[in-house]
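These notes are about the structure you will find just below.
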Amino acid sequence: MKKTYFASDVHLGSDLFGPPVEREKQFVRWLDTIKADAEALYLLGDIFDFWFEYKKVVPRGFTRFLGKLCELHDQGIEIHYFTGNHDMWLSGYLANETGVIIHTQPLATTIGGKQFYLAHGDGLGDNSLAFRIMSKVFHNKFFKFLYSNLLPTHIGIGFGSAWARSSRQKDLKNPTPYLGENKEHLMTYSKKHLNEHPETDYLIFGHRHIMLDFPLSPHSRILILGDWMRYFSYAEFNGEKLELKQFKTPPF
């Protein structure tokens with residue numbers, strides 16, 4: 001039976017949880033284990049700790065992962081790549097070189113007769129002023145043009161990588177635990193979405209770095225996928241059952 005897999009928040013390139021290359025190898029080992037029965041793979045954002053595509057340059061490294069994406073695509077596995085808040089600056093390289101399907105917005109889709117709603121999750125349900133300002137800056141085409149054309153590539157990539165590391169380090173020093181059904185932005189957002197689209201069976205997100213599988217109604221559930229820094233977690237759908245799992249082999 002063919003299966004569909006979901007993963008997020010790998011943060012390739014980050015050295016906050018050991019050597020970056022070893023974590024990349026761990027993720028690639030997992031991709032190797034699913035390729036025999038995978039029909040589709042959904043990568044729900046922040047796969048890279050920092051990613052910016054210049055016209056002629058991309059960040060160095062990640063050859064094992066990028067090569068594995070090409071292998072899976074050439075094998076006929078459909079790969080969907082959702083931009084996150086660490087890897088939103090795409091200009092065609094990933095899609096053209098690896099064959100992944102890029103999504104910059106949430107996606108409602110049918111898989112195995114079930115209705116899925118998929119997104120990275122950054123900003124969903126968060127109406128704070130700080131988020132709105134940051135979102136406008138990071139998604140602004142003019143600022144992206146200035147960043148890619150005025151800064152030398154080694155400075156631009158170095159600055160972006162340092163920012164990503166600082167952002168992730170703050171989260172890890174003071175991690176935000178599960179806030180409860182009424183305070184989690186993704187939970188309140190999902191309830192609102194379900195009221196408007198009661199046919200939805202599963203809502204799956206990344207971003208929060210927690211593992212959560214919570215029933216929203218007799219037939220609807222929200223899953224938050226955890227990450228590949230502490231949990232090495234993913235979701236698997238076999239056409240009948242959706243499960244949140246962890247990759248159990250030693251990470252390094």
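The values are calculated or read from the model by the stated rules, or taken from the named source; none is laboratory data. What you see is a predicted model; the values in this text were computed from it and never measured. We place every Cβ from the backbone using ideal geometry, glycine too, and count neighbours over all the protein chains shown. We work out accessible area using only protein heavy atoms, side chains counted, and drop any ligands, DNA or RNA first. Shrake-Rupley method; radii C 1.70, N 1.55, O 1.52, S 1.80 Å.
Once the piece of chain linking Lys248 and Phe214 is laid out straight, how much longer is it, given 0.36 nm per residue of separation minus the C-alpha distance between them?
On the way: separation 34, 0.36 × 34 = 12.24 nm, distance 2.24 nm.
Net length gain for the segment: 10.0 nm.
Stretch Lys192-Arg60 to full length: gain in nm at 0.36 nm per residue minus the Cα-Cα span?
Here the answer is 43.4 nm.
Output wanted: per-residue J couplings in Hz (rounded whole) for the range 214-224, from phi through Karplus 6.51 cos²θ - 1.76 cosθ + 1.60, θ = phi - 60°, x for Gly and Pro.
10, x, 9, 7, x, 10, 10, 9, 10, 10, 10
How do the peptides 38-45, 3-10, 217-224, 189-196 rank, highest first, by the average count of neighbouring beta carbon atoms within 10 Å per residue?
Most protected by this proxy first, the peptides run 3-10, 38-45, 217-224, 189-196.
Could you order Glu78, Glu240, Glu22, Glu97 so the one with the most accessible surface comes first? Probe is 1.4 Å.
Listed by decreasing accessible area, they come as Glu240, Glu97, Glu78, Glu22.
Would you tally the net charge around Ala40, using a Cβ to Cβ cut-off of less than 10 Å, leaving Ala40 out, and scoring K and R as +1, D and E as -1?
In short, 0.
Compute the accessible area per residue over the range 1-128, keeping the other protein chains in place, probe 1.4 Å, unit Å². Mind showing how you got there, number by number?
Numbers: 5140 Å² over 128 residues.
Heavy-atom SASA per residue in the range 1-128 reads 40 Å².
Using the heavy atoms of the protein chains alone and a 1.4 angstrom probe, what is the accessible area of the range 168-243 per residue in square angstrom?
For the range 168-243, the solvent-accessible area averages 50 Å² per residue.
Please list, in order along the range 38-46, the HN-Hα scalar couplings obtained from phi with the Karplus expression 6.51 cos²θ - 1.76 cosθ + 1.60 (θ = phi - 60°), rounded to whole Hz, x for Gly and Pro.
7, 9, 8, 10, 10, 9, 9, x, 6
What nm value, rounded to one decimal, do you get for the distance between Lys183 and Lys3 when each label is placed 7 Å out toward the C-beta?
Spacing of the two 7 Å Cα→Cβ label points: 3.5 nm.
Could you rank Arg64, Arg208 by how accessible they are, 1.4 Å probe, largest area first?
So, going from the largest accessible area down, we get Arg64, Arg208.
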